[in-house]
Amino acid sequence: MKNSVNRELPDTLMSDLNYKPFKTTNFGNPEIQRVAPKVHATANESKVVSSLAEVVKQTVQDGMTISFHHHFREGDYVFNKVMRIIIDAGYQNLTLAPSSLTNVMNDIVVEAIEKGVVTNITSSGMRGSLGDAVSHGALQNPVIFRSHGNRARAIESGEIKIDVAFLGVPNADEMGNANGMDGETAFGSLGYALMDAQYADKVVLITDNLKQYPNTPASIKQTQVDYVVKIDAVGNADKIGSGATRFTKDPKELKIAKTVNQVITHSDYFKNGFSFQTGSGGAALAVTRFLRQSMIDNQIKASFALGGITKPTIDLLEEGLVDRVMDVQDFDKGAASSMHLNKQQQEIDASWYADPANKGAMVDKLDVVILSALEIDTKFNVNVMSGSDGVIRGAIGGHQDAAKAKLTIISAPLVRGRIATVVPDVTTVVTPGDSIDVLVTEVGIAINPKRQDLIDALSHIPGVPVYTIEQMQQMAEKIVGKPKALEFTDRTVAMIEYRDGSLIDVVKEVKD
Amino acid sequence: MEINKTAIAGTLESSDVQIMISKGTSGIQFEVESDVEKQFGDQIRQTVTDVLRQYDVKNADVKIVDKGALDMVIKARTIAAVQRALDIVDQPKWEVL
């Protein structure tokens, strides 16, 4: 069958996995029954267990769902240490349900797949050798990709039932009170891990920094934690986030960033009390810098900045240009370390951030968001999942969720090398064109024809030509040529959920 | 025209292509390395073949290391490589350019 973004979906797989086709970006107001975790009551004086091997033995059984968070990013030691023990102990048929998978986790996941230890995966994304293996059919069951908000929704609804959560933290006391902001390996907000702590049947905290009881501020609380394990090191502080923030010097990125800023400042949303989300990456950081100057020049202040936070956003907070930072994760040390200094920098969990099945998520209040794209097509559908060769190499992250903003801007170059960014049809639809408003490239902007208000507001910005998205696509094709269509087999290797849990697209096995 | 010496043109920088042409015996033989092989491999071979044909080269071994070069870059690097291989760098073939 086909869904409303015209993607052919595999009927058998859909009925086996109980999927509905994606229909609309409007979630509506359904009544939802949430699940609750099983609690093993205890009044013990301490939850400290002597070793990881011991706690794995006590908690994990074949066929279970285990989870991790990715806040340590490329500096993560916890994932590899736990998975090594699990593989060596010979467990089988596990479902891996981390908030996302970073490159340092790739090799051991591939090994776990090859040995039958892991037979199902749900994640925000994957890349490198793991994405390559999955795209070549290494995993028998399709991977399920969910946005950060959708993961929160699926955990709350019981679609993801976590048996054991292994959560690395930079500090914890003997009862399991912990936060992400203190210690050698501090990463700031524990946003994604808070879901696991709240909903997993068994919660294992892993730390290299055992603090005196009671450890505060406690983001994860002792009421949620079953075991605490002390190991030598939970992560490599230098690889958790980039150190000093570097601004891009790439003239193309700067041109795009400047244009993004012009789009924001010429829109009706640029007024006192507006809110925004920028994300990481060179262009996004440059946008923050341009936006700062425009806010000063026009004496405009923002009510909040949302999402993944970087140092330039913290600078705005400290300068008084932003009133609150609503922080689900921190991309650099500056943002991470400011967390306990700035009480206006509020840690939020993934549900509060972006979950549609909620009594209100922050993304619903968001005015402006700047997002990236590997590909965007003439229907404004965006792909952030599969590369130009069809291989999985990305993550949904908060893309679908933040695209709910009132002004959703995609910033992307027209072409990258010989690969067009603006294409007739994206390889994989991740975020539907319905929620995308403006595309900004180095040659100009394209506005979603559904947004007449934006066409009126943005059509006469000096030095910013407006094209139709079809014109942009033709410009790109003229530069790079017409590529040969990618070849895939009939086998589905990944399901792409929309944030409401419906199926928006699938990824097929690549033919090599 | 007969290729008698090996010649190279281009670099391994992003958006460039390095083309090495050497003596061949059985038509034009390709060895292609490219990140965009799947989408543009055939077009890359075609562009190089067209240039070689204009120089009337029938036998050559061609090694291509492509870093996402646009078509015009591939054409220019091929012209440079084939002129060097034929030892005619001082006699540009204007009708090809």
Taking 7 Å along the Cα-to-C-beta vector as the label spot, tell me the B:D90-B:D71 distance in nanometres, rounded to one decimal. 3.5
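Specify whether the C-alpha gyration tensor of the stretch A:251-481 places it in the rounded, prolate or oblate class, a ≥ b ≥ c being the square roots of the eigenvalues: rounded for a/c under 1.5, otherwise prolate if a/b is larger than b/c and oblate if not.
Numbers: a/c = 1.73, a/b = 1.41, b/c = 1.23.
The shape class here is prolate.
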The stretch A:374-392 scanned against label point 7 Å out from A:E442 along Cα→C-beta; backbone N under 18 Å for A:374-376
Take A:H340, project a point 7 Å from its Cα along the Cβ direction, then tell me which residues of the stretch A:197-211 have their backbone nitrogen under 12 Å from it. A:211
Taking all protein chains as present, what is the carbon and sulfur share of the accessible area of chain A, in % to the nearest whole number, probe 1.4 Å? 48
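Could you please put A:R499, B:R77 in sequence from largest to smallest accessible area, using a 1.4 Å probe?
Sorted by accessible area, descending: B:R77, A:R499.
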With all protein chains present and a 1.4 Å probe, the order of B:V73, B:V82 from largest accessible area down is B:V73, B:V82
According to the square roots a ≥ b ≥ c of the eigenvalues of the Cα gyration tensor, what is the shape class of chain A, taking rounded for a/c under 1.5, prolate for a/b larger than b/c otherwise, and oblate for the remainder? oblate
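Determine the calculated [θ] at 222 nm for chain A from helices alone, applying -39500 (n - 2.57) to every DSSP H run no shorter than 4 residues and normalising by the residue count; nearest 500 deg cm²/dmol. Intermediate values should be presented prior to the final figure.
Values: 16 runs with 137 residues, N = 512.
It lands at -7500 deg cm²/dmol.
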According to the square roots a ≥ b ≥ c of the eigenvalues of the Cα gyration tensor, what is the shape class of the stretch A:401-512, taking rounded for a/c under 1.5, prolate for a/b larger than b/c otherwise, and oblate for the remainder? oblate
Cα→Cβ-extended label distance, 7 Å offset, between A:H40 and B:L12, nm: 5.4
Can you work out the FRET efficiency for the pair A:E318 and A:K406, with r the C-beta to C-beta distance and R0 = 30 Å, to the nearest 0.05? 0.70
In whole Å, largest first, the alpha carbons of chain B cover along the principal axes 32, 27, 20
Just to verify a number: what accessible area does B:R45 come out at with the full protein assembly present, 1.4 Å probe, Å² rounded to tens? 70
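Within 10 Å of each Cβ in B:36-48, how many Cβ atoms from other chains are there, averaged over the peptide? Could the numbers behind the result be given before it?
Values: counts 9, 2, 12, 13, 8, 1, 1, 5, 2, 0, 0, 1, 0.
Other-chain Cβ atoms within 10 Å of each residue's Cβ, averaged: 4.
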A:K161: which lysines have alpha carbons under 22 Å from its alpha carbon, excluding same-chain residues fewer than 8 sequence positions away? A:K20, A:K38, A:K57, A:K202, A:K221, A:K359
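Just counting partner chain Cβ atoms within 10 Å, what average do the residues of peptide A:473-486 show around their Cβ? Don't skip to the end; give the middle numbers.
Numbers: counts 0, 0, 0, 0, 0, 0, 3, 6, 8, 3, 5, 8, 2, 2.
Across A:473-486, the average partner-chain Cβ count within 10 Å equals 3.
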Normalised by the number of residues in the stretch A:53-152, what is the relative contact order in percent for Cα pairs under 8 Å and 6+ residues apart? 25
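So for B:I3, A:I144, what's the accessible-area order with a 1.4 Å probe, most first? Write out the running numbers ahead of the final one.
On the way: B:I3 0, A:I144 35 Å².
These residues rank, largest area first, as A:I144, B:I3.
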Counting other chain Cβ atoms within 10 Å of each Cβ in B:63-73 and taking the mean gives 2
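Mean Kyte-Doolittle of at least 0.0 plus a Cα span of 20 Å or more along the axis: flag which DSSP H helices in chain A meet both, please. Don't skip to the end; give the middle numbers.
Numbers: long enough: A:251-266 (22 Å, -0.34); A:282-298 (24 Å, 0.29).
Those that clear 20 Å and a mean of 0.0 are A:282-298.
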Antiparallel bridges, percent of DSSP beta bridges restricted to chain A (to nearest 5): 25
Phi-based couplings in Hz for the stretch B:87-97 (Karplus 6.51, -1.76, 1.60; Gly and Pro marked x): 6, 10, 4, 8, 10, x, 8, 4, 5, 6, 6
Rounded to the nearest 5, what is the percent of antiparallel bridges among the DSSP beta bridges in the stretch A:251-481? 25
For chain A the mean separation of alpha carbon contacts under 8 Å (6+ apart) over residue count, i.e. relative contact order in percent, is 16
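Before I look further, what does the stretch A:251-481 give for accessible area per residue, probe 1.4 Å, in whole square angstrom? Don't skip to the answer; put the middle values down first.
Values: 8120 Å² over 231 residues.
Solvent-accessible surface per residue comes out at 35 Å².
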Quick one: dipole size for the stretch A:251-481, taken about the Cα centre, charges +1 on Lys/Arg Cβ and -1 on Asp/Glu Cβ, in debye to the nearest 20. 320
May I ask which residue of A:M105, A:V391, A:P170 lies farthest towards the positive end of the charge dipole of the protein assembly as shown, with charges of +1 (Lys, Arg) and -1 (Asp, Glu) on Cβ and the Cα centre as origin? A:V391
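The values are calculated or read from the model by the stated rules, or taken from the named source; none is laboratory data. Everything numeric here is computed off the predicted structure, so don't read it as measured data. Reconstructed Cβ throughout: ideal geometry from the backbone, glycine too, with neighbour counts over all protein chains shown. Just so you know, the surface numbers come from the protein's heavy atoms only, side chains and all, with ligands and any DNA or RNA stripped out. Shrake-Rupley method; radii C 1.70, N 1.55, O 1.52, S 1.80 Å.
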